[in-house]
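Engineer: Here it is, the structure in full.
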Amino acid sequence: MSEVNSREALFMKIKGQTARIPNLMPIFVDWKRPSRGIVSAHLKLLREKVNQRLRSFNFSKAKQQQLEAADFALFTGLWWPDASLPRLETLAYLVIWLFTWDDEIDEPTGSYSEDFEGAQTYRNHTLRFVGICLGVLPVDTNFYPRNQLIQSFDIIGYSLRSSYDMNQCQRFYDEVARFMAASEVEQAGRLKGQVFTLEEYWAFRMGTSAVYISSAASEYSMSLQLPLEVMRCDSMRVVWDEVNVIISITNDLLSLRKEIKHGCIDSIVPLTFASTNSIQEAISEAVSALRVSKNRFDKAANSLLVANLDNREWYEQIQRFMAVQRSNSVGNLLWSLKTQRYNIPKLVDNDGGYTFELGT
């Protein structure tokens, strides 16, 4: 059997099966503030700014409506509830940029979904433009991308650059570069008809999730700079990794219905199903992995705080940084349950979980 047929065979085995996603909120019940669904006080005004921003693009009417219904303002307000309005606005533009940029490759209707060569140019031009905007690459007067989505990073990059030093700008750029490289690996495998192993999947998923990019924007949301030795220590690296795993698993679970409906199998449940032959077992394994990752996060965050007990300023900064990571994690879950992008609200039952048929 060819690899292309392997993907089709996996999809056909999954399609039509019944899946139940359990209530994930109890996993985070001890993260008291984010689990209460704290959202930015600027949400109403932010929605106006987000919709104005979306209307500035040349999207079709259907795409425009789809993006407005996704409610990226709620996403931003849940992820960074304590950010000032000016910074929240920049973060919302970053969210819009990441979603719309990725849809061009990841969505079946995207301009570069089936065009690897075009996607490579798109990725290369994006990374170059991001580097120039952040000041980590030299300005080239002969280079200016024609693609409107690439261009839309300008206000984001300039805002970050005005607040960040060169180390922070380089860190952000490096995470965008990781995102681009992972996008290439995922698309190349998909177009070749490859069914990824879970190990292969996680190798690129940690990049395509774009969570490292949001973590690199955390200091911007807080209007402060953590010491380099804190940002580069082993415990902080674990924190970044586990936030990524938490958000990636949550997203894979809550977007499962949408992804299978669009024929997409490159997420944790379908790829686990390839070895378990049970959708519900695959979901259970993903939920267990989510709990384990949350516990690893708590352990690493506590370790980082204990190591800095003698420095009150650093301790308080780390506390604030961890609060942002928790808001990112739970905010992602809450937004996913409410957004029309996944159309979950109408399905949720009294237990907080929901049941659906895959492929419909």
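Engineer: Restricting to segment 14-40, count the residues that are in a loop (DSSP other than H, G, I, E, B), aliphatic (A, V, I, L, M) and either in contact with a Lys or Arg (Cβ under 9 Å, 6 or more places away or on another chain) or in contact (Cβ under 8 Å) with a residue 24 or more places away in the chain (or both).
Structural biologist: Kept after step one, since they are in a loop (DSSP other than H, G, I, E, B), are these residues of segment 14-40: 15-17, 22-24, 29-31, 36-40.
Going one step further and asking which of them are aliphatic (A, V, I, L, M), we end up with 24, 29, 38-39.
Among the residues that remain, those that are also either in contact with a Lys or Arg (Cβ under 9 Å, 6 or more places away or on another chain) or in contact (Cβ under 8 Å) with a residue 24 or more places away in the chain (or both) are: 24, 38-39.
Residues in segment 14-40 being in a loop (DSSP other than H, G, I, E, B), aliphatic (A, V, I, L, M) and either in contact with a Lys or Arg (Cβ under 9 Å, 6 or more places away or on another chain) or in contact (Cβ under 8 Å) with a residue 24 or more places away in the chain (or both): 3 in total.
Engineer: Give LEU198, LEU226, LEU160 a once-over and let me know the one that is touching a helix residue (DSSP H, G or I) at 6+ places or on another chain (Cβ under 7 Å), surrounded by fewer than 20 Cβ atoms within 10 Å (Cβ to Cβ), within 30 Å of ALA307 (Cβ to Cβ) and modelled with pLDDT of 95 or more. Steps first, answer last, please.
Structural biologist: Values: LEU198 fails: within 30 Å of ALA307 (Cβ to Cβ); LEU160 fails: surrounded by fewer than 20 Cβ atoms within 10 Å (Cβ to Cβ).
Of LEU198, LEU226, LEU160, the one residue that is touching a helix residue (DSSP H, G or I) at 6+ places or on another chain (Cβ under 7 Å), surrounded by fewer than 20 Cβ atoms within 10 Å (Cβ to Cβ), within 30 Å of ALA307 (Cβ to Cβ) and modelled with pLDDT of 95 or more is LEU226.
Engineer: From the set of residues in segment 323-333 that are among the aliphatic types (A, V, I, L, M) and buried (at least 23 other Cβ atoms within 10 Å of the Cβ), which is nearest to GLU107 (Cα to Cα)? Explain how you work it out, then say what you get.
Structural biologist: At the first step, the residues of segment 323-333 found to be among the aliphatic types (A, V, I, L, M) are 323-324, 330, 333.
Checking the rest, the ones that are also buried (at least 23 other Cβ atoms within 10 Å of the Cβ) come to 324, 330, 333.
Numbers: VAL324: 29, VAL330: 25, LEU333: 21 Å.
The extreme case among them is LEU333.
Engineer: Cβ-Cβ below 9 Å, separation at least six or inter-chain, first residue in segment 338-360 and closer than 18 Å to CYS264 by Cβ and among the aliphatic types (A, V, I, L, M), second exposed (fewer than 13 other Cβ atoms within 10 Å of the Cβ) and modelled with pLDDT of 95 or more: which pairs?
Structural biologist: Listed by first residue and then by second, the contacts come to LEU358/GLY16; LEU358/THR18.
Engineer: Still on this structure, please answer the following. For segment 11-36, enumerate the residues that are loosely packed, with under 15 Cβ neighbours inside 10 Å and small (Gly, Ala, Ser).
Structural biologist: GLY16
Engineer: Could you pull out every one of the helices (runs of 4 or more DSSP H) wholly within segment 194-252 that has 1 or more residues that are farther than 16 Å from SER303 by Cα and free of Cβ contacts under 8 Å to residues at least 12 places away in the same chain?
Structural biologist: Working: elements: 198-208, 211-216, 218-222, 228-231.
Fully inside segment 194-252 and qualifying: 198-208.
Engineer: Something else now. How many of the residues making up segment 268-281 are more than 16 Å from GLU357 (Cβ to Cβ), hydroxyl-bearing (Ser, Thr, Tyr) and surrounded by fewer than 21 Cβ atoms within 10 Å (Cβ to Cβ)? Give the steps one after another, and end with the answer.
Structural biologist: At the first step, the residues of segment 268-281 found to be more than 16 Å from GLU357 (Cβ to Cβ) are 268, 271-272, 274-277, 281.
With the extra rule that they be hydroxyl-bearing (Ser, Thr, Tyr), the set shrinks to 272, 275-276.
Restricting the remaining residues to those that are surrounded by fewer than 21 Cβ atoms within 10 Å (Cβ to Cβ) gives 275-276.
Going through segment 268-281 one residue at a time, the tally reaches 2.
Engineer: Ok, one more. Could you please find all residues in segment 300-315 being among the basic types (Lys, Arg) and in contact (Cβ under 8 Å) with a residue 12 or more places away in the chain?
Structural biologist: Initially, segment 300-315 is screened for residues among the basic types (Lys, Arg), giving 312.
Scanning segment 300-315 gives no hits.
Engineer: Identify the single condition in (1) among the β-branched types (Val, Ile, Thr); (2) surrounded by fewer than 23 Cβ atoms within 10 Å (Cβ to Cβ); (3) closer than 23 Å to ALA177 by Cβ that VAL211 does not satisfy, given that it satisfies every other one.
Structural biologist: (2)
Engineer: Further question: Being polar (S, T, N, Q) and under 20 Å from the mean Cα position of the chain (by Cα) is the requirement here; does SER113 meet it? Explain how you work it out, then say what you get.
Structural biologist: Numbers: polar (S, T, N, Q): yes; under 20 Å from the mean Cα position of the chain (by Cα): yes.
In short, yes.
Engineer: Just to verify a result, which residue in segment 192-221, among those that are among the aliphatic types (A, V, I, L, M) and in contact with an Asp or Glu (Cβ under 8 Å, 6 or more places away or on another chain), is nearest to LEU271 (Cα to Cα)? Give the steps one after another, and end with the answer.
Structural biologist: Here is the first cut: in segment 192-221, the residues among the aliphatic types (A, V, I, L, M) are 195, 198, 203, 206, 210-211, 213, 216-217.
Checking which are in contact with an Asp or Glu (Cβ under 8 Å, 6 or more places away or on another chain) leaves us with 195, 206, 210, 213, 216.
Working: VAL195: 8, MET206: 15, ALA210: 20, ILE213: 25, ALA216: 29 Å.
The selected residue is VAL195.
Engineer: Also, quick follow-up: If TYR201 satisfies all but one of (1) under 25 Å from PRO108 (Cα atoms); (2) of a type outside the set (Val, Ile, Thr); (3) over 18 Å from the mean Cα position of the chain (by Cα), what's the number of the condition it fails?
Structural biologist: Only one criterion is unmet by TYR201, namely (3).
Engineer: Could you check ASP266 against (1) part of a helix (DSSP H, G or I); (2) of a type outside the set (Val, Ile, Thr); (3) touching a residue at least 24 places away in the same chain (Cβ under 8 Å) and say which number it fails?
Structural biologist: Among (1) part of a helix (DSSP H, G or I); (2) of a type outside the set (Val, Ile, Thr); (3) touching a residue at least 24 places away in the same chain (Cβ under 8 Å), ASP266 violates only (1).
Engineer: While we're here: Considering (1) touching a residue at least 40 places away in the same chain (Cβ under 8 Å); (2) surrounded by fewer than 19 Cβ atoms within 10 Å (Cβ to Cβ); (3) within 15 Å of the chain's Cα centre (by Cα), say which one PHE99 fails and leave the rest.
Structural biologist: (1)
The values are calculated or read from the model by the stated rules, or taken from the named source; none is laboratory data. Note that the coordinates shown come from a computational prediction; the quantities given were computed from them, not determined experimentally. Counting neighbours? That spans all protein chains shown, and the Cβs are built from the backbone with ideal geometry, glycine included.
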